[in-house]
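What follows is a single structure, written as structure tokens, with notes after it.
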Amino acid sequence: MRPLAIRRREVRPLPPLAVLVRSMAFVDVKMRWKKDASFDAVPVLSQARDLRPLVSLAHLLSPLPTPVSAVSKLSRSLETPDRRVASFLRRFPAAFVESVGPEHNHPWFHLSGPAARLLREELEIFAARRADITSRLRRLLLMTPRRRLPLRVAQGMLWHLGLPEDYFRCRDYDIAQDGFRILTFGDSVSHEEEDDGRELVLIDNGEDQELPKSVLEMDAMRRFGSTEVVPIALFQSKGLRLKRKIEVWLEEFQMLPYVSPYEDFSHIDRSSNVSEKRVVGMLHELLSLFVTCSAERRRLLCLRQHLGLPQKFHRVFERHPHVFYLLLKEKTCFVVLKEAYMAEGDTAIEEHPMLEVRRKYVGLMEESREIIKCRRSGKPFQSKHEDHGQIEDSKEGTDSAAVLS
């Protein structure tokens with residue numbers, strides 16, 4: 001037998017010390033989702049899925065009565081929970097009034113008095129607070145490294161930022177006076193609703209003015225008088241206990257350097273804890289710009305590449321339950337910024353001008369449920385709106401079975 005040849009193990013250089021330190025500092029944070037009933041009790045959050053299509057239909061049905069056939073094919077774009085737009089409209093009789101059309105007995109819908117007043121109030125608030133509302137869109141563009149967004153992505157953010165849905169399409173708004181312009185690349189680009197190839201950019205490219213301070217930086221200035229240490233406001237979830245190693249990691253995480261969402265982050269190691277704090281701060285700032293400081297988790301995915309977020313950034317919501325709350329509602333997951341609802345006024349987050357109007361729309365939705373309950377039980381319904389009697393009178397002669405379908 002031949003003796004076995006002994007192969008010497010190849011000597012490999014040791015990895016840099018920084019790599020070892022970084023890997024040892026990582027803590028695998030895995031926490032179970034804990035339900036918090038206080039967020040389910042907030043109407044503007046619990047009714048968020050129906051609120052957006054309701055407001056969109058209110059704009060489409062204004063100002064004249066409209067046949068249901070004109071909006072029946074928009075269920076996919078409106079994302080109505082009901083398969084039929086007519087069924088969705090009939091769920092909210094306090095906002096939409098059904099009548100019989102002049103031909104073929106087709107159903108027509110028009111806005112109720114309270115809903116029409118809310119539309120006017122919404123336009124008045126935008127006219128009065130336009131600079132404040134459009135500045136939130138400007139901040140969103142400043143958070144992107146290229147200072148621009150595809151127009152279709154920016155269009156999807158208008159609802160969350162409180163801008164009119166036809167802000168880019170209606171010439172009366174003149175977006176140039178707010179510092180925006182739309183760039184089109186190529187002569188063959190189609191100007192359809194998909195807006196392929198068009199981008200929303202800043203006229204000044206964000207160079208003429210100083211970069212804004214984030215909410216966390218303003219809060220640090222208010223509390224400590226400087227931004228040397230910028231902690232993230234934490235709000236403990238009820239019934240959620242952290243392991244000791246996670247508590248230590250969280251304390252160290254708060255003392256890490258803070259990178260503003262408006263600053264250059266190309267020098268940061270993507271796998272470091274500093275990068276994770278930057279992602280948390282970015283999502284904190286993004287949600288603070290929205291009307292309800294919340295959004296569907298899937299809608300945030302379209303911003304990942306444009307904001308420089310990691311591929312699996314959604315795990316941040318699970319690793320930081322003291323900052324974000326995941327509201328599970330009707331097979332949909334909403335991300336809620338806890339500071340906006342649990343700080344009790346001790347926060348630098350400013351209330352959005354459109355928030356009160358959204359609350360009033362939710363009030364019409366809740367009133368609609370009471371109307372339907374009273375109709376089914378045969379009890380009279382007393383509305384808090386003065387002209388609701390006129391709404392009920394306009395429904396005489398309407399098939400009750402059709403209304404309740």
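Some points to look at:
- In the range 251-279, the residues that are more than 14 Å from residue 229 (Cβ to Cβ) and among the charged types (D, E, K, R): 263, 264, 269, 270, 276, 278
- For beta carbons closer than 8 Å, sequence separation of 6+ or different chains, a first residue in the range 48-72 that is free of Cβ contacts under 8 Å to residues at least 24 places away in the same chain and a second that is of a type in the set (S, T, N, Q) and not in a helix (DSSP H, G or I), the qualifying pairs are 60/66.
- Condition check for residue 234: within 30 Å of residue 158 (Cβ to Cβ) and among the aliphatic types (A, V, I, L, M): no
- Criterion applied to 330, 318, 351, 285 was being acidic (Asp, Glu) and farther than 21 Å from residue 48 by Cα, and the one residue passing it is 318.
- Filter pass, residue 332 being out of contact with any Pro (no Cβ under 6 Å at 6 or more places or on another chain), surrounded by fewer than 21 Cβ atoms within 10 Å (Cβ to Cβ) and in contact (Cβ under 8 Å) with a residue 24 or more places away in the chain: yes
- In the range 159-174, the residues that are surrounded by 15 or more Cβ atoms within 10 Å (Cβ to Cβ) and of a type outside the set (A, V, I, L, M, F, W, C): 160, 162, 164, 165, 167, 173
- Check on residue 279, among the aliphatic types (A, V, I, L, M), assigned to a helix (DSSP H, G or I) and either within 22 Å of the chain's Cα centre (by Cα) or surrounded by 12 or more Cβ atoms within 10 Å (Cβ to Cβ) (or both): yes
- Residue within the range 120-138 that is touching a strand residue (DSSP E or B) at 6+ places or on another chain (Cβ under 8 Å), outside any helix (DSSP H, G or I) and not assigned by TED's automatic domain parsing to the domain that holds residue 64 present: no
- Scanning the range 285-302 for residues that are assigned to a helix (DSSP H, G or I), among the hydrophobic types (A, V, I, L, M, F, W, C) and either in contact with a His (Cβ under 9 Å, 6 or more places away or on another chain) or modelled with pLDDT of 95 or more (or both) returns 286, 287, 289, 300, 301.
- If the condition is being within 27 Å of residue 356 (Cα to Cα) and of a type in the set (A, V, I, L, M), then the range 144-179 contributes 153, 154, 157, 158, 161, 163, 175.
- Extreme residue, surrounded by the fewest Cβ atoms within 10 Å (Cβ to Cβ), among residues of the range 303-324 that are part of a helix (DSSP H, G or I) and modelled with pLDDT of 90 or more: 305
- Here is the figure for the range 80-89: residues that are in contact (Cβ under 8 Å) with a residue 12 or more places away in the chain and touching a helix residue (DSSP H, G or I) at 6+ places or on another chain (Cβ under 6 Å) total 3.
- Pairs where the first residue, in the range 212-231, is buried (at least 18 other Cβ atoms within 10 Å of the Cβ) and modelled with pLDDT of 90 or more and the second is outside any loop (DSSP other than H, G, I, E, B) and polar (S, T, N, Q), C-beta under 7 Å, 6+ apart: 215/288
- Filtered residues of the range 132-145 (kept if of a type outside the set (Val, Ile, Thr) and in contact (Cβ under 8 Å) with a residue 40 or more places away in the chain): 132, 136, 137, 138, 139, 140, 141, 142, 143, 145
- Within the range 325-334, considering residues that are more than 11 Å from residue 33 (Cα to Cα) and not in a loop (DSSP other than H, G, I, E, B), the one nearest to the chain's Cα centre (by Cα): 334
- Residue 340 being over 16 Å from the mean Cα position of the chain (by Cα) and within 19 Å of residue 214 (Cα to Cα): no
- Being in the same structural domain as residue 347 (by TED's automatic domain parsing) and either within 16 Å of residue 216 (Cα to Cα) or in contact with a strand residue (DSSP E or B) (Cβ under 8 Å, 6 or more places away or on another chain) (or both) is a property that does not hold for residue 310.
- Out of 197, 186, 206, 239, one residue alone is crowded, with 18+ Cβ neighbours inside 10 Å, modelled with pLDDT under 90 and not hydrophobic (A, V, I, L, M, F, W, C). It is 206.
- Qualifying residues in the range 104-119 (those that are within 13 Å of residue 65 (Cβ to Cβ) and outside any helix (DSSP H, G or I)) - the one farthest from the chain's Cα centre (by Cα): 106
- Of the residues screened, residue 57 is not one that is part of a helix (DSSP H, G or I), surrounded by 14 or more Cβ atoms within 10 Å (Cβ to Cβ) and either modelled with pLDDT under 90 or assigned by TED's automatic domain parsing to the domain that holds residue 197 (or both).
The values are calculated or read from the model by the stated rules, or taken from the named source; none is laboratory data. Note that the structure is predicted; figures quoted are calculated from it, not measured. When we count neighbours, we look across all protein chains shown, and the Cβ atoms used for this are built from the backbone with ideal geometry, even at glycine.
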